[in-house]
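Read through the structure below, which is laid out as structure tokens, and then see the notes.
The values are calculated or read from the model by the stated rules, or taken from the named source; none is laboratory data. What you see is a predicted model; the values in this text were computed from it and never measured. Here the Cβ is made from the backbone with ideal geometry for all residues, glycine too, and neighbour counts use every protein chain on show. Ligands, DNA and RNA are excluded from the accessible area calculation, which covers all protein heavy atoms including side chains. Shrake-Rupley method; radii C 1.70, N 1.55, O 1.52, S 1.80 Å.
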Amino acid sequence: MATIAPVRLMMLMLLITAGVLMVLVRLSWLAAFAPPTSTRDAAAALVPLRGDLTDRNGVPLARTIDAWSIAIHPDRLINDPRELAPKLAALMPEHDAGWYLRLLTSGSRFAYLQRRAMPELVRAVNALGEPAMDFARVPERLYPQSNLAAHALGFIDFDGQGRRGMERTLNAQLANPVDRAHPIALSLDARVQAAMESELGAAMASFKARGAAGVVLDVHTGEVIAMVSLPNFNPNRVPGVQNPNDPDDPAAMQLRNNVTQSVYELGSTFKPITMANAIDSGVVTSMAKRFDAREPLTVGRFHITDDHPQKRYLDIPETLVHSSNIVTARIADELGRDRMQAMFRKLGFDTRPDIELHEREMPIWRKDWPRITVMTSGYGHGLAVTPMHLASAYAALVNGGIWRPATLLRVAPGKAAEGRRIISPATSDRMRQLLRLVVLQGTGRKGEAPGYRVGGKTGTAEIAMKTGYSHKRNVSTFAAAFPMDAPRYVVVAMLDSPVANAQSAGQTTAAWTVAPVVSRVITRTGQMLGVMPDLNRDVDVSELLPLLWHAPGEDQAIPE
């Protein structure tokens, strides 16, 4: 017996040694060959799984936080589903009690109740005391400003991939382990964005419009300071689209970015572009040059008329102040197809809007350009573009003549895109005078913001239908810039199919519907943008004022 004990002890030691060796060999193999686990170490945990997006001032617009998923195993249910269903519906009202009851009694092995939930909801569901509930931690993309700038930001899918907006454009950078530690600053200013959304949303509700769009653009850098498309959506809870090609599907309308995806004939807002083309090309050499507007202009079976016919010859300032279709068509006719097309092409009106977003639509550009199209395109009919196209064009009209692509990324000082020359500096100076005159004396008067020296042009265009132009629906647009003595920002506002009311004196024209929106936005945000109101400064329009003819006793202002 005495010899057995040492043998047993030796065998036990050998077994223990073999076990330790096996563990060490296994650990060595795992260290050398096993794939990395999904658990992040302490250092990596400090880096978000997806980079943050901020506005130009560092305000968070999109962040990644830890959240939870709530699921259930219906085949393991303990509680009575008829009692549990209404409790779940009360906590998660996205579905009614009937929906939850059908799920709970389906007998399936696993189903999500909510893919991303906040901790307080998890606690409430857990308190129901159902063991079949399943909770797991998942990263959550949070948009702390809710609907603000939804179309610019976009959203991600359940796999964490960007699906729209800058989330899609910057997807690789936001997910890159090296880059995601540093927030990406967008060009947006959350304060200006909120003001534009508020004012445009109020106008859309007041006039019962189908949709709306708004842009604030830096004229020297192309930075988009605000981008508003209405109706909008909450990227924290993206609506499901039943038919993305149905223009009347409410969810599809919410997700559509009217600023870059919807194309419109923008009416008289094109007249300053035609006038700049004429001045720069030498078709118009004097502001006093007069054109016949005594009668409607007949071209074949088409008749071009004025909304406020003056029935006389009009000079250049009068043409814009009175918004004459007849004279603008005559000027476009003198310019001819080649020069009209060349200007539109230089402004990018034949390509998708030049901005980082994937959600961009092609303009409607006719393959053939008969004489009537050349003439009507001069005042914004026959050629359909996005509001983003228009904003970039107006920036070039007033900034000295340089067109630059729009951008949703913040531009460092001195790093603006080089751009291309559209018109001469002298023509740009003249356009600042003319646009200011439209606000002082013409249809843009309700767009004035005291002290900010606003210049701009209204545009009211009937909507093209399959059966022709509608006489009951229009697109109302006001394109403006400020301050006109040293322009810094373009502001464009548009309403799709506004309905007249007492606020607009029964009118649906841009002068009554969207010009006041631009006025209020500029008044609210001018100082935020570094433009101080000054009632003692202005553009010198003294040489143009004598060219405006007034009947004896007539008020100096032109009716809307």
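Remarks
- Long-range neighbours under 6 Å by Cβ, at least six apart or interchain, first residue open to solvent by 50 Å² or more (accessible area, probe 1.4 Å) within the range 129-144, second aromatic (Phe, Trp, Tyr): PHE135/TRP68; ARG137/TRP68
- Residue under evaluation MET227, criteria (1) more than 22 Å from MET484 (Cβ to Cβ); (2) modelled with pLDDT of 95 or more; (3) in a loop (DSSP other than H, G, I, E, B), criterion not met: (3)
- Some residue of the range 67-79 being within 30 Å of THR169 (Cα to Cα) and modelled with pLDDT of 95 or more: no
- Residues of the range 116-128 that are among the small types (Gly, Ala, Ser) and free of Cβ contacts under 8 Å to residues at least 24 places away in the same chain: ALA127 alone.
- Checking VAL224, VAL284, VAL216, VAL263 one by one, the residue that is within 18 Å of the chain's Cα centre (by Cα), aliphatic (A, V, I, L, M), crowded, with 18+ Cβ neighbours inside 10 Å and closer than 30 Å to LEU544 by Cβ is VAL216 and no other.
- GLN254 being out of contact with any helix residue (DSSP H, G or I) (no Cβ under 6 Å at 6 or more places or on another chain), surrounded by fewer than 22 Cβ atoms within 10 Å (Cβ to Cβ) and in a helix (DSSP H, G or I): yes
- Here is the figure for the range 300-322: residues that are open to solvent by less than 20 Å² (accessible area, probe 1.4 Å) and not charged (D, E, K, R) total 8.
- Meets criteria (in contact with a helix residue (DSSP H, G or I) (Cβ under 7 Å, 6 or more places away or on another chain), of a type in the set (A, V, I, L, M), over 26 Å from ASN399 (Cα atoms) and open to solvent by less than 40 Å² (accessible area, probe 1.4 Å)) for MET166: yes
- GLY214 meets the conditions (1) part of a loop (DSSP other than H, G, I, E, B); (2) closer than 29 Å to THR376 by Cα in every case but one. The failed one is (1).
- Looking across LEU397, LEU435, LEU408, LEU440, one residue alone is under 20 Å from the mean Cα position of the chain (by Cα) and touching a residue at least 40 places away in the same chain (Cβ under 8 Å). It is LEU408.
- Within the range 162-186, residues that are in contact (Cβ under 8 Å) with a residue 40 or more places away in the chain and at positive phi have Cβ atoms under 9 Å from residues that are surrounded by 17 or more Cβ atoms within 10 Å (Cβ to Cβ) and of a type in the set (Phe, Trp, Tyr) in these pairs: GLY165/PHE155, counting only partners at least 6 apart in sequence or on another chain.
- Selection count, the range 339-396, where residues are assigned to a loop (DSSP other than H, G, I, E, B), open to solvent by less than 10 Å² (accessible area, probe 1.4 Å) and touching a Leu at 6+ places or on another chain (Cβ under 6 Å): 1
- Cβ pairs under 9 Å, 6+ apart, first in the range 352-373 and under 26 Å from ALA417 (Cα atoms), second modelled with pLDDT under 95 and in a helix (DSSP H, G or I): GLU359/LEU255
- Between THR523, THR509, the distinction of being among the β-branched types (Val, Ile, Thr) and modelled with pLDDT under 95 belongs to THR509 only.
- Checked against the criterion of being open to solvent by 60 Å² or more (accessible area, probe 1.4 Å), farther than 22 Å from ASP66 by Cβ and at pLDDT 95 or above, the candidates ARG191, ARG102 yield just one match: ARG191.
- Odd one out for GLU167, checked against (1) at pLDDT below 90; (2) closer than 15 Å to THR64 by Cβ; (3) not hydroxyl-bearing (Ser, Thr, Tyr): (1)
- The range 75-92, residues that are open to solvent by 50 Å² or more (accessible area, probe 1.4 Å) and either in contact (Cβ under 8 Å) with a residue 24 or more places away in the chain or of a type outside the set (A, V, I, L, M) (or both): ASP75, ARG76, ILE78, ASN79, ASP80, ARG82, GLU83, PRO86, LYS87, LEU91
- Count - residues of the range 397-415 that are surrounded by fewer than 24 Cβ atoms within 10 Å (Cβ to Cβ), farther than 23 Å from THR169 by Cα and β-branched (Val, Ile, Thr): 1
- Of the residues making up the range 461-497, just one is modelled with pLDDT of 90 or more, surrounded by fewer than 22 Cβ atoms within 10 Å (Cβ to Cβ) and among the hydrophobic types (A, V, I, L, M, F, W, C), namely ALA486.
- Scoring LEU390 on the criteria (1) over 20 Å from ARG352 (Cβ atoms); (2) in contact with a helix residue (DSSP H, G or I) (Cβ under 8 Å, 6 or more places away or on another chain); (3) among the aliphatic types (A, V, I, L, M) leaves a single failure, condition (1).
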